[in-house]
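S.K.: One structure follows; several queries about it will come next.
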Amino acid sequence: MGHGIEVRLVNYTKKPLETVTWAALISYWDEWETDAFEKMGEADVNLHLPRVLSYGHESILEHAVLTFSIEGCSRVCTHQLVRHRIASYTQQSQRYIVLNPDDVEETFMIPQSVKEDPDLLEEWERVMKEAIDVYKKSIESGVHQEDARFILPQAVRSKIIVTMNLRELKHFFGLRACERAQWEIWEVAWKMLEEIAKNDDLRPIIKWAKLGPRCIQLGYCPERELMPPECWKKTREKWLKLSELKLKV
């Protein structure tokens, strides 16, 4: 693994948009039957799903579930991520896995704002190296890693598996794909969106369900005077490119 954050869509509900559309038609049509699911096709999805979602009927999105792997983000990031409670998480355990770092940046996430100050960066790296040295020394002295980890900074990189349904993903993107979100989880959110955009089975739902920051969902920026300059235009262009164009895998 490199020093960057890596996000991958590893699994999702079979025939996700067909499943969501079928659920919607079960709700609206008395003559719709369970057996109709096997007959669902792309034409049915294109005909019904955009219209149903335009009515605000979003509970149907809960029937499609996506699983992502996220590697290289900090514990600061994962602590924000797990606040989204309608989801399932499995995270790399510091009780059972002993860190064996090759270098500081491989082990810790260092913010760009710190890297821009050479003197401050040097101090950060010194403290992080000291923390790792004490961590190793503690384990060598017989302290179990579940206690040795107390010395580690929140910047330590981690791995986590995340499973969310599409409705919760919309809520997550609304908050975390916003330009005012913390930069690391903002990067994770957009990489998750990119993974959806790469997938032929899922890409249309980005536009139909407005999966993106709240300015995309609402049509205006709810942050109002807190909105960064040119944020709305830049975010809209980024989102449109993602939702309308097939990305190269």
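The values are calculated or read from the model by the stated rules, or taken from the named source; none is laboratory data. Just so we're clear, the structure is a prediction, and the values are computed from it rather than from any experiment. Counting neighbours? That spans all protein chains shown, and the Cβs are built from the backbone with ideal geometry, glycine included. Note: areas computed on protein heavy atoms with side chains; ligands, DNA, RNA excluded. Shrake-Rupley method; radii C 1.70, N 1.55, O 1.52, S 1.80 Å.
S.K.: Anything over 26 Å Cα to Cα? Flag those among LYS39/LYS170; LYS136/LYS191; LYS115/LYS191; LYS159/LYS210; LYS129/LYS191, in the order listed.
M.R.: Working: LYS39/LYS170 28 Å; LYS136/LYS191 33 Å; LYS115/LYS191 23 Å; LYS159/LYS210 28 Å; LYS129/LYS191 30 Å.
Pairs exceeding 26 Å: LYS39/LYS170; LYS136/LYS191; LYS159/LYS210; LYS129/LYS191.
S.K.: For the stretch 148-160, just list the computed ³J(HN,Hα) in residue order, Karplus coefficients 6.51, -1.76 and 1.60, θ = phi - 60°, integers in Hz, with x standing in for Gly and Pro.
M.R.: 4, 5, 4, 7, 6, x, 5, 6, 4, 6, 9, 10, 8
S.K.: Relative to the present Cα-Cα distance, how much length would full extension add between HIS144 and HIS3 at 0.36 nm per residue of separation?
M.R.: Numbers: separation 141, 0.36 × 141 = 50.76 nm, distance 2.74 nm.
Difference between extended and current length: 48.0 nm.
S.K.: A further question follows. About the Cα centre, and with charges only on the beta carbon of Lys, Arg (+1) and Asp, Glu (-1), how big is the dipole of the chain? Nearest 20 debye, please. Walk me through the numbers on the way to the answer.
M.R.: Working: 35 positive and 40 negative charges, 99 e Å.
That gives a dipole near 480 debye.
S.K.: Separate question: For the stretch 198-210, what does the Karplus curve 6.51 cos²θ - 1.76 cosθ + 1.60, with θ = phi - 60°, yield as ³J(HN,Hα) per residue in whole Hz, taken in order and with x for Gly and Pro?
M.R.: 6, 9, 4, 5, 10, 3, x, 5, 4, 7, 5, 9, 6
S.K.: Right, another one. Accessible area of the chain with a 1.4 Å probe: how many percent of it is carbon plus sulfur? Kindly include the intermediate steps, with their values, before the conclusion.
M.R.: Values: 6920 of 14060 Å².
The C+S portion of the solvent-accessible surface of the chain is 49 percent.
S.K.: How high is the relative contact order of the chain? Use alpha-carbon pairs under 8 Å, at least six apart in sequence, and give a whole percent. Write down the numbers at each step before the final one.
M.R.: On the way: 321 pairs, mean separation 61.0, N = 249.
Relative CO of the chain lands at 24 percent.
S.K.: Output the DSSP H helices from the chain with an along-axis C-alpha extent of no less than 24 Å and a mean Kyte-Doolittle hydropathy no less than -1.0. Display every interim value, and only then the final one.
M.R.: Numbers: long enough: 118-140 (33 Å, -0.72).
The qualifying helices are 118-140.
S.K.: Follow-up. Work out, step by step, the length gained on full extension between ASN46 and ASN11: first 0.36 nm times the residue separation, then minus their alpha carbon distance; give nm to one decimal. Before the final figure, lay out the partial values.
M.R.: Working: separation 35, 0.36 × 35 = 12.60 nm, distance 2.28 nm.
That pair, ASN46 and ASN11, stretches by 10.3 nm at full extension.
S.K.: Once you keep just the Cα pairs under 8 angstrom separated by 6 or more residues, what percentage relative contact order results for the stretch 134-249? Walk me through the numbers before you get to the answer.
M.R.: Working: 91 pairs, mean separation 26.0, N = 116.
Computed value for the stretch 134-249: 22 percent relative contact order.
S.K.: Tell me whether the chain comes out rounded, prolate or oblate; compute the Cα gyration tensor, take square roots of the eigenvalues as a ≥ b ≥ c, and use a/c under 1.5 as the rounded threshold.
M.R.: Working: a/c = 2.91, a/b = 1.82, b/c = 1.60.
It comes out prolate by the Cα gyration axes.
S.K.: Give the residue from TRP190, SER27, ILE151 lying farthest towards the positive end of the charge dipole for the chain; charges sit on Cβ (+1 for Lys and Arg, -1 for Asp and Glu) and the dipole is referred to the Cα centre.
M.R.: Towards the positive end, the residue furthest out is SER27.
S.K.: Also: Evaluate the distance, in nm, between pseudo-label points positioned 7 Å from the Cα of VAL134 and of GLN112 along their respective Cα→Cβ axes.
M.R.: Taking the simple label geometry, VAL134 and GLN112 are separated by 3.1 nm.
S.K.: Could you do me a favour and compute the accessible area per residue for the chain, 1.4 Å probe, result in Å²?
M.R.: Values: 14060 Å² over 249 residues.
Result: 56 Å² of accessible area for each residue.
S.K.: Quote the charge dipole size of the stretch 46-182 about the Cα centre in Debye, to the nearest 20; the model charges only the Cβ of Lys and Arg (+1) and of Asp and Glu (-1).
M.R.: On the way: 17 positive and 20 negative charges, 182 e Å.
Here the size comes out at about 880 debye.
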